[in-house]
1. Can you find a residue that is among the acidic types (Asp, Glu) and within 20 Å of the chain's Cα centre (by Cα) anywhere in region 64-73?
2. Go over the candidates Gly49, Gly27, Gly35, Gly58 one by one and state the one that is touching a helix residue (DSSP H, G or I) at 6+ places or on another chain (Cβ under 8 Å) and either outside any loop (DSSP other than H, G, I, E, B) or in contact (Cβ under 8 Å) with a residue 12 or more places away in the chain (or both).
3. Here are some conditions: (1) among the hydrophobic types (A, V, I, L, M, F, W, C); (2) in contact (Cβ under 8 Å) with a residue 24 or more places away in the chain; (3) surrounded by fewer than 17 Cβ atoms within 10 Å (Cβ to Cβ). Ala304 meets all but one. Which one does it not meet?
4. If you take the residues of region 319-338 that are aliphatic (A, V, I, L, M) and part of a strand (DSSP E or B), which of them is farthest from the chain's Cα centre (by Cα)?
5. Take the residues in region 206-260 that are of a type in the set (D, E, K, R) and assigned to a strand (DSSP E or B); name whichever of them is farthest from Val151 (Cα to Cα).
6. Just the residues that are crowded, with 19+ Cβ neighbours inside 10 Å and among the charged types (D, E, K, R), please, taken from region 26-82.
7. Out of all the residues in region 98-129, which are surrounded by fewer than 19 Cβ atoms within 10 Å (Cβ to Cβ), at pLDDT 95 or above and not in a strand (DSSP E or B)?
8. Sort out which residues of region 198-221 are surrounded by fewer than 20 Cβ atoms within 10 Å (Cβ to Cβ) and not small (Gly, Ala, Ser), and write them in order of number.
Amino acid sequence: MEAPKLISSKRVCEFPPGAGNPRNSEGDFLRLTDGRLLFAYSKYIADSGHDDAPCGVGYALSDDNGRTWTKAPGLLASPEEHNVKNIMSVSLVRFVTGEAAIVYLVKLGGESIAVLRRFTDEKDLTLGAPETVIPEKRGIYYVINNSRLCVLSDGSVLLPAARHKIRRWENGGRGGVYFGTCAFFKGDPDGRNWRQESRVLYMANPGASETGLQEPGAAELPDGRVYGYFRTDRGYQFDAFSPDGGRTWTQPASSRFSSPDSPMLIRRDPFSGTFFAVWNPVPCYNGRLDPNKRWIHAGRTPLALAQSEDGEHFSPYITLEDAPDHGYCYPAMFFPEPGVMLLSYCCGGEEDGTCLSKTAIRRLELE
């Protein structure tokens, strides 16, 4: 299959950091019932952009299929509603029942949980009470990326999650979040009755890996299998296949997607049926990164786009962004009309603090 061909590609909205708002990062899209598009994202609301710093869910709206956006000054969801400092990593979904919901992580000190909140009024963007998707488990820190909910053809909803055991010192202090494993959770078509659907997946023969399997994603293929993919530090995304909707999986192994330690996203265009993959294709080989600047972009450049008819065999890629002093990561994808893709991603550079501090929305017209 040929590489994607673009008629146009331009940034239509940016969310730069500012005073009292040091970081705007990973988000997701949703079509509201009145036709507007909602983009919700992690909006940091204090003086630090650290992953555990105070953060809520910011948002922007578009009434012209993503050509222009209006940023909201407030929050769609706040950490105070959960009596915590930090909620982040937004996924938006419309169930086959017609209900729409938001899923995000809630940081509970050393642990984390995933909660779901339904839109009770989409015009006013009112959210209902939180429902637990992944409950707190002592000693486990869950990581769920933005834009990770996968609605399967039977209507059920798959949620990939990374699991990190928390190391604690003898004095009771927390030592850090370590080697990643993954599990897949599933909800019914109405977004209820969540359970862990799969066994825990491990990286076989991890060798020199310091991270294991991280930040998994999933896409259902035309033949009914589910394709799972995982961020690693081994120079490639790893992947696995499930023949039964996410219950059992092949052993995760190195895929054809070369990559630094950075997440990938695969989505299917509902109008054309084409699959698209967005990721960073250049791994962090020895000598690539300046040790003094590694913290800025972590090798997450360039940003590439490839396409596939079957979701398994992808075309050569085209480059969307390639500034060597910026990083591009944590994408979300949405198709508002035939031949059009909206793509959001972190895009910061040294002037922003890190690659995670600034997010952009790009509108692509596809040939």
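The values are calculated or read from the model by the stated rules, or taken from the named source; none is laboratory data. Quick caveat, the model's predicted, so the values are computed rather than measured. Here the Cβ positions follow ideal geometry from the backbone for every residue, glycine too, while neighbour counts run over all protein chains shown.
1. Here is the first cut: in region 64-73, the ones among the acidic types (Asp, Glu) are 64.
Okay, now just the ones that are also within 20 Å of the chain's Cα centre (by Cα), so none.
Within region 64-73, not a single residue is among the acidic types (Asp, Glu) and within 20 Å of the chain's Cα centre (by Cα).
2. Values: Gly27 fails: touching a helix residue (DSSP H, G or I) at 6+ places or on another chain (Cβ under 8 Å); Gly35 fails: touching a helix residue (DSSP H, G or I) at 6+ places or on another chain (Cβ under 8 Å); Gly58 fails: touching a helix residue (DSSP H, G or I) at 6+ places or on another chain (Cβ under 8 Å).
After ruling out the rest, the residue left standing is Gly49.
3. (3)
4. Residues of region 319-338 that are aliphatic (A, V, I, L, M), as a first pass: 320, 323, 332-333.
Restricting the remaining residues to those that are part of a strand (DSSP E or B) gives 320, 332-333.
Numbers: Leu320: 18, Ala332: 6, Met333: 10 Å.
Taking the candidates together, the pick is Leu320.
5. Initial filter on region 206-260 (of a type in the set (D, E, K, R)): 210, 215, 220, 223, 225, 231, 233-234, 239, 244, 247, 256.
Add one more test, that the residue is assigned to a strand (DSSP E or B), and what stays is 215, 220, 231, 239, 256.
Details: Glu215: 18, Glu220: 8, Arg231: 21, Asp239: 19, Arg256: 25 Å.
Here the residue is Arg256.
6. Within region 26-82, Glu26, Asp28, Lys43 qualify.
7. Scanning region 98-129 gives Gly98, Glu99, Glu122, Lys123, Asp124, Gly128, Ala129.
8. Correct list: Arg199, Val200, Tyr202, Asn205, Pro206, Glu210, Thr211, Leu221.
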